[in-house]
Amino acid sequence: MNKVRLGIIGLGNIGRYHAAYLLDGKVDRCELVAVCDAFEKATEPYQAKGLKTFTDGEEFIKSGEVDAVIVATPHFQHTTLGIAALQAGVHVMVEKPISAHKADAERLIAESKKHPKVVFGGMFQMRSEPRYQKIKKLIDNNELGTLLRLNWIDTDWFRSDAYYSSSAWRATWKGEGGGVTINQCLHQLDTLAWLFGMPKSVRGFAQLGRFHNIEVEDNVTAYMEYADGASAIFISSTGEIPGTNRLEITGTRGRVVLEKDKLTFIRNEVASDEWNKTSTTGFGQPDQWTIDIPFGNADMPHAAYIQNFVDAILDGAPLKVPGEEGIRSIELANVIIYSSLVGQTVELPLDSKAWEDKLNELGEKSTLEKKVVEATKEDFTKSFRR
Ligand SMILES: NC(=O)c1ccc[n+]([C@@H]2O[C@H](COP(=O)([O-])OP(=O)(O)OC[C@H]3O[C@@H](n4cnc5c(N)ncnc54)[C@H](O)[C@@H]3O)[C@@H](O)[C@H]2O)c1
């Protein structure tokens, strides 16, 4: 094979976005040949462009028309369609979250292990933003010393009621498996795990439908503790205007702050733990240097991830984000809500069955009547780069 015949399943906001740059030839050695959406109408513009179209995802996967698919449907279908693709030997790039909850992610990952030659990627394009890559480099190069604390206020995800009523699956236990944590701030939870690793325990506080007529959480605060004593506070919301996106990481050798397109590193001339032991003054501090770190923006990060997916299929290139890494953000999203619902700190790893049972119970008890209104045609891509 010297060219990948690619398909997209799910032609909503992000599916159409993927289709647009693919049809524009932004990914080499790859051709978008077919698309699928449960709503036939969504496929019509692509039929008009000469692409093959389908309305049943599993039939599409088995059709022999595609070598690889992007799964861009609502969350629960990520697992079923992902597994169907893996079983059919069709390479699969699953949109975030890779599944609606941790137990489903485990099922998807277990299936992928049975098909090591089938490429399984996760769309976590935020990791390719230079701002986060530079922070990662500071951490990996020990510029921050021993990590002590991470604070992330990630509340610039405002969504109106019109957004929530644009699709029936949104903000429901049965359709989405959660709210702001599993959807909007999942990229940040992925980045948090990528930068800081996984905590050993989490205490979450989640408010369900605080700002909107929804049954899932739209406002969360989590306190996380790590095995080495480091801690993190993570806050997210879809109900605040103006929102904040401020990430602050403190280590013994300094602090890095990312806010409003500005990345600042305050470097301690002497590490705080060393100063603590050697200083002869009670109140003094070592010299601190403030350094502004320049960064640009990733160039079409989604297209770059699909290029990497194609290179993995054709050349065996390592994936930027192997699909199985997607379980970490799901575990964080799930544990925040689970901890809040049971009212106690939860040790990790989260018991995935306990959360799945709770989620099913919430879905069964659901009384929310959702009226779906015509989806707004706003440019949602402006929220890609956070
Ligand atoms: N990586 C990113 O930057 C990014 C951005 C937005 C959304 N997403 C993710 O992409 C997914 C889709 O989000 P969206 O905003 O595009 O949703 P959406 O509601 O706009 O679109 C979903 C589409 O899937 C179709 N669909 C539903 N079930 C299907 C099935 N079984 N088979 C085929 N088609 C089906 C629907 O008809 C709809 O057209 C979500 O998981 C979301 O979290 C990722």
Could you work out how far helix 352-365 tilts from the main Cα principal axis of the chain, as a 0 to 90 degree angle to the nearest 10?
-> 60
Around LEU348 (Cβ within 9 Å, Cβ-to-Cβ, excluding LEU348; K/R +1, D/E -1) the net charge comes to -1
What FRET efficiency do you get for ALA162 and THR281 if R0 is 56 Å and r is their Cβ-Cβ distance, rounded to the nearest 0.05?
-> 0.45
Simple spin-label estimate for ALA304 and VAL342 in nanometres, 7 Å along Cα-Cβ = 3.9
For segment 300-368 and segment 181-225, write down the distance between their C-alpha centroids in whole Å.
-> 12
With +1 on the Cβ of every Lys and Arg and -1 on the Cβ of every Asp and Glu, the dipole magnitude of segment 38-134 about its Cα centre, in debye rounded to the nearest 20, is 500
Putting +1 on Lys and Arg Cβ atoms and -1 on Asp and Glu Cβ atoms, find which of THR55, PRO97, THR73 reaches farthest to the positive end of the dipole of segment 35-159.
-> PRO97
FRET efficiency estimate (nearest 0.05) - Cβ-Cβ, GLU143 to GLN207, R0 41 angstrom = 0.65
Share (percent) of C-alpha pair distances in segment 1-136 greater than 25 Å works out to 25
What is the helix-to-structure angle for 130-140, meaning the angle in degrees between its Cα long axis and the longest Cα principal axis of the chain, kept from 0 to 90 and rounded to the nearest 10?
-> 50
Linear extension gain, GLU31 paired with ARG246, 0.36 nm per residue minus alpha-carbon span | 73.5 nm
Kindly provide the Kirkwood hydrodynamic radius of segment 119-243 in Å, to one decimal, from all pairs of distinct alpha carbon atoms.
-> 15.8
The chain, helix-only ellipticity at 222 nm - DSSP H runs n ≥ 4, -39,500 (n - 2.57), divided by all residues, nearest 500 | -10000 deg cm²/dmol
Would you mind getting the Kirkwood hydrodynamic radius of the chain from its Cα pairs, rounded to one decimal in Å?
-> 21.9
Of all GluC sites (Glu not before Pro) in segment 259-333, which ones are in loop regions per DSSP and have a Cβ with at most 13 other Cβ atoms within 10 Å?
-> GLU269
Find how much the distance from GLN288 to ALA227 grows on full extension, using 0.36 nm per residue of separation minus their present alpha carbon separation; answer in nm with one decimal.
-> 19.1 nm
Fewest to most neighbouring Cβ within 10 Å: what's the order for THR281, THR155, THR55, THR250?
-> THR281, THR55, THR250, THR155
Hey, can you rank 161-174, 285-298 by average C-beta count inside 10 Å, highest first?
-> 161-174, 285-298
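Just so you know, all these numbers are worked out from the coordinates, no wet-lab data involved. Bear in mind the structure is a predicted one, so any value in this text is a computation, not a measurement. Please note: Cβ atoms are built from the backbone with ideal geometry, for glycine as well, and neighbour counts cover all protein chains shown.
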